[in-house]
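To start, the structure itself, in structure tokens.
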Amino acid sequence: MFIRKIILSLLVLPIAALAWEPTKPVQVYIGNTPGAGNEMAFRKLAEIVQKKNPNFVYVVQNIPGADSVIANNKFLEAPNDGLTINLPSHMSSYVTNDIWEKNLKKYNYDSFVDVLTMGKSPLVLVASVKSGINTPQEFVKYIQSGRSINVAIGGGAHRTAFEYLMEKGRGNKDAVKSIKFNGPMPAVQSVAQWDGKTGTEFGIMPIAVAKPLIDAGKVKPIGFTGTRKMTQYPNVPLLNTVAPGINVYAAWSIQLPPGTSKDIVEWYQREFSAAVRSVEYKEYTDANVIFYAEDELTPAGLKKHMDELRAAFIPVLSKIDLSKE
């Protein structure tokens, strides 16, 4: 019996030895300028993963442009050896790229291997501290006024929230314009710079990105998307008081290239889902107004969410007259 156990253990050893793990630096594609929510969340999760997997090292490649399409197009050609990953934003890659960037993209919304969702953050409508607007109700009246108003956005989710606010708030579409930036950080910085002539008076971006400038008194929060009151900002109202159903979040995933093998997918799902559930990550998410959904920590759960997003928002966004873009 003892000899049999030894033989069985020896048979298992080669299997364990063949289990995949990264042995070279992993290239991480991010379709935004530095400082976006997907980069911030990934860096924290990677820090946690590295404590158990010291061989996991990575190099971030920020590839902004066309609402992440340039990065996604490049990722489509990446080798599927587990040494290149992508960090897409849900609303952009799964929904709005099919609307505004459909002639540029080379991929379908489900072309890649989606591993899990790293986290979600409500979007926040912010205003310059020099603006006279302070509440969602005042903002709606302002966008109806016919005055020339600019709103900074840095991604597909932000544009979706803008369009939803314009529709529900009956905004003047000839006077109120969304100004697109290569990511949420330059968008919120533009709001901080507004002086009536330069910069933008308003902006929409993840609270996780806007938080430092809000806390520093450089911009002021007007309202949050979604249905969750944020305990970190108890006095900031929800935008659904003026735009019911504005359940738009910034959310970020980990992706692998098409055709990636099961053992590689399992490594990323196992190690990063454990990191998402960790106490250390909870401390980070609580401090940065991020949360996660347990049912999106598997490829199957994330695919279900992807399909739900498309069912909810593709019909709404398809009504936009692109000839006026």
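The values are calculated or read from the model by the stated rules, or taken from the named source; none is laboratory data. Here the structure is a predicted model, which is why all the values come from computation and not from measurement. As a convention, Cβ positions derive from the backbone with ideal geometry for all residues, glycine included, and neighbour counts pool all protein chains shown. Keep in mind that these areas ignore ligands, DNA and RNA; they rest on the heavy atoms of the full protein, side chains included. Shrake-Rupley method; radii C 1.70, N 1.55, O 1.52, S 1.80 Å.
On a C-alpha basis, how far is the centre of the stretch 163-203 from the centre of the stretch 221-275 in Å? Whole number, if you could? Spelled out, the Cα-based centre of one part sits 22 Å from the other. Farthest toward the positive end of the dipole of the stretch 58-203, out of SER178, LEU83, VAL140, is the Cα of VAL140, where the dipole comes from beta carbon charges about the Cα centre. Radius of gyration over Kirkwood radius for the chain, both on Cα atoms: the Rg/Rh ratio is 1.04. Helices in the chain, meaning DSSP H runs of at least 4 residues, each add -39500 (n - 2.57). Divided by all residues, the mean residue ellipticity at 222 nm is -12500 deg cm²/dmol. When +1 charges are put on Lys and Arg Cβ atoms and -1 charges on Asp and Glu Cβ atoms, the dipole computed for the stretch 276-325 relative to its Cα centre reaches about 240 debye. At a Cα cut-off below 22 Å, give the lysines reachable from LYS51, other chains included and same-chain residues fewer than 8 away excluded. Those lysines meeting the cut-off are LYS24, LYS282. Looking at the chain, the accessible area is 45 square angstrom per residue; that uses a 1.4 Å probe and ignores ligands, DNA and RNA. Solvent-accessible area assigned to carbon and sulfur over the chain amounts to 55 percent, based on a 1.4 Å probe.
For the chain, the Cβ-based charge dipole about the Cα centre amounts to some 380 debye (Lys, Arg positive; Asp, Glu negative; other atoms uncharged). Within the stretch 184-325, the proportion of C-alpha pairs whose separation exceeds 21 Å stands at 59%.
For ALA300 and SER111, the FRET efficiency from 1/(1 + (r/R0)^6), where r spans their Cβ atoms and R0 equals 25 Å, is about 0.90.
For the stretch 119-174, the equivalent ellipsoid derived from the alpha-carbon gyration tensor has semi-axes of 19, 14, 10 Å in decreasing order.
Highest mobility in the GNM of the chain, judged by mean-square fluctuation with C-alpha springs under 10 Å and restricted to SER278, SER178, SER92, is found for SER278. Relative to the longest principal axis of the Cα atoms of the chain, helix 2-18 runs at roughly 40 degrees.
Stokes-Einstein diffusion for the stretch 274-325 at 10 °C, viscosity 1.306 mPa s, with a Kirkwood radius from C-alpha pairs, works out to 116 µm²/s. GNM, the chain, Cα, under 10 Å: largest mean-square fluctuation among PRO257, PRO234, PRO88? Between PRO257, PRO234, PRO88, it is PRO234 that shows the largest mean-square fluctuation.
Annotation note: GluC sites (Glu not before Pro) in the stretch 13-88 located in DSSP loop regions with a Cβ neighbour count of at most 16 within 10 Å are GLU77.
Residues considered: VAL115, VAL26, VAL209. Largest GNM mean-square fluctuation over the chain, using C-alpha springs under 10 Å, is found at VAL26. When the Cα positions of LEU239, TYR281, TYR268 are compared along the charge dipole of the stretch 229-325, LEU239 comes out farthest toward the positive end, with charges on each C-beta of Lys, Arg, Asp and Glu.
Evaluating kT/(6 pi eta Rh) at 25 °C and 0.890 mPa s, with the Kirkwood radius of the stretch 107-146 over Cα pairs in the Stokes-Einstein relation, gives 174 µm² s⁻¹.
Determine the alpha carbon to alpha carbon distance for each of LYS180/LYS220; LYS105/LYS229; LYS105/LYS220; LYS44/LYS177 and list only those over 29 Å. LYS105/LYS229; LYS105/LYS220; LYS44/LYS177, as the Cα separations exceed 29 Å there. For VAL69, the shell of other residues with beta-carbons less than 12 Å away shows a net charge of +1, using +1 for Lys and Arg and -1 for Asp and Glu.
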